[in-house]
Amino acid sequence: MDNRPIVGITMGDPAGNGPELSVKALADPNVYEKCRPIVIGDANCIEAAIKIVGRGGQLKVNGVKEVKDALFQPGTIDVYDMEMVDIEKRVYGKVSAMCGEAAFQYVKKVIELAMAGEVDATVTNALNKEAINLAGHHYSGHTEIYAHYTNTEKYTMMLAHEDLRVVHVSTHVSLRQACGQVKKDRVLEVIRIANEGCKALGIREPKIGVAGLNPHCGENGMFGREEIDEIQPAIDDALAEGIHIPEKKPTPPDTVFSKALGGWYDIVVVMYHDQGHIPLKVKGFVYNCEKQRWDAVAGVNVTLGLPVIRASVDHGTGFGHAGDGSANELSLVNAMDYAIRMANNK
């Protein structure tokens, strides 16, 4: 019996860097020792990407209509061929309804496959929000699509790079709205999801840090009362449930991540999108000024609380360099590793 998990990888926006990243990641034969990967996308786009990254003659595409027909062999990229893209009309770096529709349908299909048990985990390349909305699908991102098609109400985004992990109380809303969403019930819900998410990664007794919202955690109400009225009561309830929050109170946002990097926490609950994204990207995104390029674009986005496993790259479609073969696959490789780890801990 083959115990390697089957991992469905969406190709992302066909005009972006997803096809190239998929090819680069799956060109490594070591991937096939850990999992059985299959790309959900268009075979013609993957064939074009093979040429762009200089792997012609080394890799071939096996286009299939059912997961059971995949070969899962190094040197062959299995593609669940959706046939959504007219390759003659695809323009790298250009937003289009055609590519938005394709990217959306790849995501919908991989969710269907996961819900049906045909794949054990899902990994997503980047889509373009403008493109999917242009195609008539009005979602703010992958997370909301997954929540809708899995009928999930309680979920949150976890970002991770190496041992730094954060989960969000709110994500794709304005900062003004985000402050209003810091409520006891939601904070407690995210603390619980963070705890279970860490356990899904094999961390038996997670240590959880909870960031404050205001400078200095509000200084006892001088700079805001969210810590007093909403965050602390949520922490108290979580502690009563046996969840391990070492400091037993909110931690000032300007020190919580240094503590996390020092090993104080396995995960940090943050109150809004950029509070979590900024430290993760400072750590995972490395720009080489001398060479005028990104040496690393690393980071993993995992949606917790879903009935299926979903990990994703933590960057956009790379429209500025799509099609030139320069895309760095590290984030996709890391996302696959997270998905595999979670699948093996199910």
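The values are calculated or read from the model by the stated rules, or taken from the named source; none is laboratory data. Computed from a predicted structure; not experimentally measured. As a convention, Cβ positions derive from the backbone with ideal geometry for all residues, glycine included, and neighbour counts pool all protein chains shown.
To keep it simple, each residue is scored yes or no on (1) within 19 Å of Val123 (Cα to Cα); (2) assigned to a helix (DSSP H, G or I); (3) in the same structural domain as Met98 (by TED's automatic domain parsing).
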{"position": "Asn44", "(1), (2), (3)": "no, yes, yes"}
{"position": "Ala48", "(1), (2), (3)": "no, yes, yes"}
{"position": "Gly63", "(1), (2), (3)": "yes, no, yes"}
{"position": "Lys68", "(1), (2), (3)": "yes, yes, yes"}
{"position": "Phe72", "(1), (2), (3)": "yes, no, yes"}
{"position": "Tyr80", "(1), (2), (3)": "yes, no, yes"}
{"position": "Ile87", "(1), (2), (3)": "no, no, yes"}
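Working carefully through the options Pro233, Pro253, find the one that is closer than 22 Å to Leu280 by Cα and either of a type outside the set (Val, Ile, Thr) or surrounded by fewer than 18 Cβ atoms within 10 Å (Cβ to Cβ) (or both). Steps first, answer last, please.
Details: Pro233 fails: closer than 22 Å to Leu280 by Cα.
So the residue among Pro233, Pro253 that is closer than 22 Å to Leu280 by Cα and either of a type outside the set (Val, Ile, Thr) or surrounded by fewer than 18 Cβ atoms within 10 Å (Cβ to Cβ) (or both) is Pro253.
Looking for whichever is buried (at least 16 other Cβ atoms within 10 Å of the Cβ) and outside the structural domain of Gly212 (by TED's automatic domain parsing) here; the options are Gly320, Gly325. Which one fits?
Details: Gly320 fails: buried (at least 16 other Cβ atoms within 10 Å of the Cβ).
The conditions single out Gly325.
Tell me which strands (runs of 3 or more DSSP E) are completely within the range 205-299 and hold 1 or more residues being in contact with a strand residue (DSSP E or B) (Cβ under 6 Å, 6 or more places away or on another chain) and outside the structural domain of Ile193 (by TED's automatic domain parsing), or say none if there are none. Show your work before the answer.
On the way: elements: 208-210, 267-270, 285-288, 293-297.
Where strands (runs of 3 or more DSSP E) fall fully within the range 205-299 and carry at least 1 residues being in contact with a strand residue (DSSP E or B) (Cβ under 6 Å, 6 or more places away or on another chain) and outside the structural domain of Ile193 (by TED's automatic domain parsing), they are 285-288, 293-297.
Evaluate the following for Gly136: is it at pLDDT 95 or above and surrounded by fewer than 16 Cβ atoms within 10 Å (Cβ to Cβ)? Steps first, answer last, please.
Numbers: at pLDDT 95 or above: yes; surrounded by fewer than 16 Cβ atoms within 10 Å (Cβ to Cβ): yes.
For Gly136, the condition - at pLDDT 95 or above and surrounded by fewer than 16 Cβ atoms within 10 Å (Cβ to Cβ) - is met.
Which residue out of Pro37, Pro29 is more than 10 Å from Ile77 (Cβ to Cβ) and not in a helix (DSSP H, G or I)? Walk me through how you get there before you give the answer.
Details: Pro37 fails: more than 10 Å from Ile77 (Cβ to Cβ).
Sole residue among the options that is more than 10 Å from Ile77 (Cβ to Cβ) and not in a helix (DSSP H, G or I): Pro29.
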